[in-house]
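K.L.:
Take this structure first; my questions come after.
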Amino acid sequence: MTVSLSHPALSAEDPELAALIADEEQLQSDTLRMIPSENYVSQAVLEATGTVLTNKYSEGYPGRRYYEGQQNIDRVELLAVERAKTVFGAEHANVQPYSGSPANLAVYLAFAEPGDTVMGMSLPMGGHLTHGWGVSATGTWFRGVQYGVRADTGLTDFDEVRELAVKERPKIIFCGGTAVPRTIDFAAFAEIAREVDAVLVADIAHIAGLVAGGAHPSPFPHADVVSTTTHKTLRGPRGAMLLSHESKAKALDKAVFPGLQGGPHNHTTAAIAVALHEATQPSFRDYAHSVVANAKALAESLLEHGFELVSGGTDNHLILMDLTRNGVPGKVAAKALDRAGIVVNYNTVPFDPRKPFDPSGIRIGTPSLTSRGLGTDQMPLVAQWIDRGVAAAGNGDEDALAKIRAEVRDVMAAHPAPGLPTG
Ligand code: DSN
């Protein structure tokens, strides 16, 4: 058990909990974190999250609240809203959704009735639960029709998307997802949505930081609504935002509050504002481009090691590895890599014959390692660790995993992580 000196009051009040946090700090510091939806926030974002803003209730919106004492909270929220509009070129921003799933639920509440048809990429093909997948409320309360990717290319087939949309006439079409390694063609989706008179929602949770930093095309002006979490490539706190044209603003605001949520999490709103400020800095632009450069370099090295990558590579921060030909199930590989200090998640691959809880692939990404300053020169080493780790997973070589873990720890020690105590 490690005790952190960075949280003195917490350590005095609740040493047991403080020790757990210290252990997590150590883990995040020592390991190569490659889950593509995770990152390290700055010390400034962490500080904003841990403030007295958590003490305040603020149902409503700036200037229209149901509780008094909003002199400062209104200004915090307005700052976050204005920054969100500037960073993403949006006419309207709502920064109150608690996270990505509630943000997407608000979209349904705003633009569909229970039983309506909605369309999104299927979960095993790279979509998200809330894009109409069966086990989610969105696939239970609505009639979800799902598109996928082509088996031969791993890419979205727009003829299929259009055909399905014309046949099913969905009220809402979602594009984006959680395991999409390629650039999202927002214009192509918008053309289809217009043809069938559907609301196009771009879920950019994974790529929001890349969009903000100019390393992925913007969903505006193509999408009617943009939904995003704030804690992935955008490097903010755990939260979400809905961005839109003015014409959709009223319906979205009403859906978030009072439709779905109570009081906004003001400490989160403040931290979102800080992250958005950071996203306007030239260094963030460099960061976003480095995330992509690292992912491309890593994909190239993995291909040289003989790995199969869905769609043959990546355009963004994410790589989906199909381990079928390695003869190692994704879960076995992910757990072995974890023991080697490389944190990834097991994931289905398109047309996966295996079950979601024991799929064929692993999903990796470069947002966190780029936040620690690793560059393209180091990606061959990362690929080599993954190659050795997957091989060791296959033959149960725990010594090999321990050796990788020691090497990873050494390299990570030379790249301190933002927001984590040093020394
Ligand atoms: N859990 C997120 C991810 O890892 O992509 C999606 O909600």
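The values are calculated or read from the model by the stated rules, or taken from the named source; none is laboratory data. Just so you know, these numbers come straight off a predicted model, no measurement behind them. FYI the Cβ positions are ideal-geometry reconstructions off the backbone, even for glycines, and counts take in every protein chain you see. Side chains included, ligands, DNA and RNA excluded: accessible areas come from the protein's heavy atoms. Shrake-Rupley method; radii C 1.70, N 1.55, O 1.52, S 1.80 Å.
K.L.:
Taking T49, is it under 24 Å from the mean Cα position of the chain (by Cα), away from the ligand (no atom under 16 Å from the Cβ), open to solvent by less than 60 Å² (accessible area, probe 1.4 Å) and touching a residue at least 40 places away in the same chain (Cβ under 8 Å)?
P.N.:
Here the answer is yes, as T49 does meet what is asked.
K.L.:
Let me ask something else. Looking at (1) crowded, with 24+ Cβ neighbours inside 10 Å; (2) without any contact (Cβ under 8 Å) to a residue 40 or more places away in the chain; (3) of a type outside the set (S, T, N, Q), find the lone condition where L318 falls short.
P.N.:
Result: L318 fails condition (2) only.
K.L.:
Those residues that are over 18 Å from the mean Cα position of the chain (by Cα), open to solvent by less than 30 Å² (accessible area, probe 1.4 Å) and not small (G, A, S), I need them from segment 77-93; list them, please.
P.N.:
Correct list: E77, V81, H92.
K.L.:
Restricting to segment 167-206, name every residue that is part of a loop (DSSP other than H, G, I, E, B), free of Cβ contacts under 8 Å to residues at least 60 places away in the same chain and not acidic (D, E).
P.N.:
Answer for segment 167-206, where residues must be part of a loop (DSSP other than H, G, I, E, B), free of Cβ contacts under 8 Å to residues at least 60 places away in the same chain and not acidic (D, E): R169, P170, G176, G177, I184, I204.
K.L.:
Separate question: Looking at A288, A275, A297, A271, which is the one that is surrounded by fewer than 23 Cβ atoms within 10 Å (Cβ to Cβ) and under 25 Å from A212 (Cβ atoms)?
P.N.:
On inspection, the qualifying residue turns out to be A297.
K.L.:
Exactly one condition in (1) assigned to a helix (DSSP H, G or I); (2) more than 17 Å from the chain's Cα centre (by Cα) is false for G209; which is it?
P.N.:
Failing condition for G209: (2).
K.L.:
May I pose another question? Can you tell me which of V332, V292, V344, V328 is touching a residue at least 24 places away in the same chain (Cβ under 8 Å), within 16 Å of the ligand (Cβ to nearest atom) and at negative phi?
P.N.:
Selected residue: V344, the only one of V332, V292, V344, V328 that is touching a residue at least 24 places away in the same chain (Cβ under 8 Å), within 16 Å of the ligand (Cβ to nearest atom) and at negative phi.
K.L.:
Identify, by number, the condition in (1) assigned to a loop (DSSP other than H, G, I, E, B); (2) under 16 Å from T138 (Cβ atoms); (3) open to solvent by 30 Å² or more (accessible area, probe 1.4 Å) that L109 doesn't meet.
P.N.:
Tallying (1) assigned to a loop (DSSP other than H, G, I, E, B); (2) under 16 Å from T138 (Cβ atoms); (3) open to solvent by 30 Å² or more (accessible area, probe 1.4 Å), L109 fails exactly one: (1).
K.L.:
Tell me yes or no: at least one residue of segment 8-27 is open to solvent by 40 Å² or more (accessible area, probe 1.4 Å), more than 16 Å from the ligand (Cβ to nearest atom) and touching a residue at least 40 places away in the same chain (Cβ under 8 Å).
P.N.:
no
K.L.:
Moving on to the next point. Of all residues in segment 335-384, which are assigned to a helix (DSSP H, G or I), open to solvent by less than 70 Å² (accessible area, probe 1.4 Å) and touching a Leu at 6+ places or on another chain (Cβ under 7 Å)?
P.N.:
Within segment 335-384, A336, L369, M379, V382, A383 qualify.
K.L.:
Find the residue count for segment 364-400, including only residues that are touching a Pro at 6+ places or on another chain (Cβ under 6 Å) and either without any contact (Cβ under 8 Å) to a residue 40 or more places away in the chain or β-branched (V, I, T) (or both).
P.N.:
0
K.L.:
Can you tell me which of V180, V199 is closer than 24 Å to P97 by Cα, away from the ligand (no atom under 16 Å from the Cβ) and of a type in the set (V, I, T)?
P.N.:
Result: V199 is the single residue among V180, V199 that is closer than 24 Å to P97 by Cα, away from the ligand (no atom under 16 Å from the Cβ) and of a type in the set (V, I, T).
K.L.:
Tell me yes or no: at least one residue of segment 124-133 is without any contact (Cβ under 8 Å) to a residue 24 or more places away in the chain, in a loop (DSSP other than H, G, I, E, B) and either open to solvent by less than 20 Å² (accessible area, probe 1.4 Å) or more than 11 Å from the ligand (Cβ to nearest atom) (or both).
P.N.:
Scanning segment 124-133 turns up at least one residue that is without any contact (Cβ under 8 Å) to a residue 24 or more places away in the chain, in a loop (DSSP other than H, G, I, E, B) and either open to solvent by less than 20 Å² (accessible area, probe 1.4 Å) or more than 11 Å from the ligand (Cβ to nearest atom) (or both).
K.L.:
Does segment 37-46 include one or more residues that are open to solvent by less than 30 Å² (accessible area, probe 1.4 Å), within 16 Å of the ligand (Cβ to nearest atom), assigned to a helix (DSSP H, G or I) and within 30 Å of E246 (Cβ to Cβ)?
P.N.:
no
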